[in-house]
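Following: one structure in structure tokens, then a few remarks.
The values are calculated or read from the model by the stated rules, or taken from the named source; none is laboratory data. Source: prediction; values computed, not measured. All Cβ positions, glycine included, derive from the backbone under ideal geometry; neighbour counts span all protein chains shown. Please note that ligands, DNA and RNA were not included when accessible areas were found on the heavy atoms of the full protein model with its side chains. Shrake-Rupley method; radii C 1.70, N 1.55, O 1.52, S 1.80 Å.
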Amino acid sequence: MARGQRKSIDEKIQQKQELISSIETRLEHERKELEELLNEKQQQEIKILNDFLKTSGLSVYEATEVLQQYVAGQYEATA
């Protein structure tokens, strides 16, 4: 039975190069989408913090100070 013409090594190499190029393009696209999703998540988290600060009446500086004291207390408790 005839299977058709076999591909030369150069044709196989070219196909692999094209496949790799295609995969690299897809990977780049997926990385950009991931970056956009991470940025969106960060913006949502920032909004949650901002909303909390507004409702609590704390300034960013006051909240930072409270968190620093909390973290320092946690560190001392584990040391």
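Quick one: L53 ticks every box in (1) part of a loop (DSSP other than H, G, I, E, B); (2) in contact with a Ser or Thr (Cβ under 8 Å, 6 or more places away or on another chain) bar one, so which box is it?
The failed condition is (1).
When the range 23-39 is examined, which residues are found to be open to solvent by 100 Å² or more (accessible area, probe 1.4 Å) and among the charged types (D, E, K, R)?
Listed by number, the residues that qualify are E24, R26, E28, R31, K32, E35, E36.
Write out, first by first residue and then by second, each pair whose Cβ atoms fall under 9 Å of each other, whose residues are 6+ apart or on separate chains, and whose first residue, in the range 1-22, is open to solvent by less than 100 Å² (accessible area, probe 1.4 Å) and of a type outside the set (D, E, K, R) while the second is at pLDDT below 95 and assigned to a loop (DSSP other than H, G, I, E, B).
As it stands, the answer is Q15/K7, since those pairs meet every condition given.
Between residues in the range 62-79 that are under 17 Å from L49 (Cα atoms) and residues that are open to solvent by less than 90 Å² (accessible area, probe 1.4 Å), which pairs lie under 6 Å by C-beta distance while being six or more apart or on different chains?
A63/L53
Would you confirm whether or not the range 63-70 contains a residue that is of a type in the set (D, E), open to solvent by 90 Å² or more (accessible area, probe 1.4 Å), at pLDDT 95 or above and not in a loop (DSSP other than H, G, I, E, B)?
yes
Cβ-Cβ below 9 Å, separation at least six or inter-chain, first residue in the range 43-60 and open to solvent by less than 100 Å² (accessible area, probe 1.4 Å), second not in a helix (DSSP H, G or I): which pairs?
L53/S59
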